[in-house]
Amino acid sequence: FAATGSTRPLAFYDAATDPHRTERLSLMGELREALDHDRLVLHYQPKLALASRRVDGVEALVRWHHPRRGMVPPQDFIGMAEDTGNIQRLTRWALAAGIAQASRWHARGLELKVAVNLSARDLGEAELPLRIGRLLSIHGLPPGQLTVEITERAVIGEPETAMRVLKGLADLGVGIAVDDFGVGQSAFAYLRHLPVSELKIDQTFVRHLARDANDQTIVRSIVELGHRLGFQVTAEGVEDRGALEQLAAIGCDHAQGFFIARPLPAAELAGFSFERAGIA
Ligand code: C2E
Ligand code: MG
Ligand code: MG
Ligand code: MG
């Protein structure tokens, strides 16, 4: 620690007496092992295009079926993986798996765009565009069929490198979506100079959309803002028909949520009824 020249006092945190430390360490060890043995899977949640009422994309969401713990939700290990420096490996894995799957769908005539979540830390990795470009060409996937999802937090943390990485990705033709839009503490400033292509409205504004007039006002405003800036807008957390119809009336582009479909394993998605998803 001394070698880093840090003057930050370390006395507040005593690793040896942190009761969660052993548990965290073993969970991270197990995560590394799961990555080594390719034991993580991606599930894919359909995104419904509201104008055509067709599913034209999916969001890839990591799933960890732990032999002893059962299903470990991403919330229980993504944050920890970020803190312990394991997130880059997870992201690399997710990108490779998501791109490979999308190209298999394409080969079978199923044109689904795939969105992969990135962490704040990933945007500090200058070689990310190169790495993604290589994956796309290995799998023969057109760059426009990939979107990366970032949070507002990610761009605030490391503005310079993050900006360069995002520009690099945009230059490739990869889509860039701002996830959980509306709950970050950032102003709109970054929207002016980041190569964003999509806003994803946070679920908290969508869940009660059918009944809550304030949420309707907020969602309408975000859709209008997004469109005026030239972005696509997606609503997350659509849990009932009322919300879906509100979004269609407002002119939101895409809807995603349990009412349309839960995140599904790739095998189940292939048999998914894309026409019925329109919920005519
Ligand atoms: P997110 O990217 O905002 O993903 C949406 C989350 O909302 C997913 O939770 C999804 O299952 C859930 N969801 C979708 N529709 C509904 C709905 O109608 N109602 C409700 N209540 N929830 C809905 P999940 O899969 O547990 O993922 C949680 C978060 O973990 C994600 O939020 C994302 O931030 C992170 N995450 C998941 N996979 C990855 C990954 O591969 N890499 C990284 N860096 N983060 C990931
Ligand atoms: Mg997301
Ligand atoms: Mg989200
Ligand atoms: Mg989220």
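Of the residues G182, G144, M80, the one whose Cα sits farthest toward the positive end of the charge dipole of the chain, with +1 on the Cβ of Lys and Arg and -1 on the Cβ of Asp and Glu, is G144. Compared with the dominant principal axis of the Cα atoms in the chain, helix 159-172 is inclined by about 50°. For the chain, a crude dipole built from +1 on the beta carbon of Lys and Arg and -1 on the beta carbon of Asp and Glu, taken about the Cα centre, is about 480 debye to the nearest 20.
In this simple spin-label approximation, A189 and A126 carry label points 7 Å from Cα along the Cα→Cβ vector, and these lie 2.4 nm apart.
Accessible surface computed residue by residue for the chain, with neighbouring protein chains in place and a 1.4 Å probe, gives 50 Å² per residue.
If exposed chymotrypsin sites (Phe, Trp or Tyr not before Pro) are those in a DSSP loop with at most 11 other Cβ within 10 Å, what is the longest stretch of the chain that has none?
14-187
Length gained on full extension, R39 to R134, computed as 0.36 nm times the residue gap minus the Cα-Cα distance: 31.8 nm. Of the residues H254, H20, H37, the one that moves most in a GNM of the chain with alpha-carbon contacts below 10 Å is H20. Taking the 1.4 Å solvent-accessible surface of the chain as the whole, the part contributed by carbon and sulfur is 53%. Rg then Dmax, both in Å and based on the Cα atoms of the chain: 19.7, 64. Qualifying trypsin sites (Lys or Arg not before Pro) in segment 157-214, where qualification requires a DSSP coil assignment and no more than 15 other C-beta atoms within 10 Å, comprise R211. Checking every one of the trypsin sites (Lys or Arg not before Pro) in segment 14-91 against DSSP loop status and a limit of 10 other Cβ atoms within 10 Å picks out R68.
Accessible area per residue (1.4 Å probe, heavy atoms of protein chains only) ranks D171, D180 as D171, D180, with the largest value leading. With a simple spin-label model that places each label point 7 Å from the Cα along the Cα-to-Cβ direction, the separation between A100 and E224 comes to 4.7 nm. 3J(HN,Hα) couplings calculated from phi for segment 109-120 with the Karplus curve 6.51 cos²θ - 1.76 cosθ + 1.60 (θ = phi - 60°) are, in sequence order, x, 9, 8, 10, 6, 10, 10, 10, 7, 10, 9, 3 Hz; Gly and Pro show x.
Sorting I218, I250 by solvent-accessible area of protein heavy atoms yields I218, I250, largest first, with a 1.4 Å probe. Electrostatic tally near T147: other residues with Cβ closer than 9 Å to its Cβ, Lys and Arg +1, Asp and Glu -1, net -2.
Relative to the longest principal axis of the chain, what angle (0 to 90°, nearest 10) does the C-alpha long axis of helix 87-107 take? Helix 87-107 sits roughly 30 degrees off the main axis of the chain.
Antiparallel beta bridges, as assigned by DSSP with both residues in the chain, represent about 45 percent of the total such bridges.
Which residue, P73, P263, P195, tops the fluctuation ranking in a GNM of the chain built on C-alpha contacts under 10 Å? Answer for the Gaussian network model of the chain: P73. Per-residue 3J(HN,Hα) values for segment 145-156, derived from phi via the Karplus relation 6.51 cos²θ - 1.76 cosθ + 1.60 with θ = phi - 60°, read 8, 10, 10, 9, 9, 10, 9, 4, 4, 5, 7, 7 Hz in sequence order (x marks Gly and Pro). Placing one identical point scatterer on every Cα of segment 136-257 and ignoring solvent, what is log10 I(q)/I(0) from the Debye formula at q = 0.11, 0.23 Å⁻¹? At q = 0.11, 0.23 Å⁻¹ the computed log10 ratios are -0.39, -1.28. Considering only alpha-carbon pairs that sit under 8 angstrom and 6 or more positions apart, the relative contact order computed for the chain is 18 percent.
For L199, the residues whose modelled amide H falls within less than 5 Å of its own, excluding neighbours fewer than 5 places apart on the same chain, are V178, Q232, V233, T234.
Nearest 10 degrees, 0 to 90: what angle lies between the long axis of helix 128-139 and the longest principal axis of the chain (Cα atoms)? Tilt relative to the chain: about 60 degrees.
The values are calculated or read from the model by the stated rules, or taken from the named source; none is laboratory data. What you see is a predicted model, and the numbers here were worked out from it, not measured in a lab. FYI the Cβ positions are ideal-geometry reconstructions off the backbone, even for glycines, and counts take in every protein chain you see. Please note that ligands, DNA and RNA were not included when accessible areas were found on the heavy atoms of the full protein model with its side chains. Shrake-Rupley method; radii C 1.70, N 1.55, O 1.52, S 1.80 Å.
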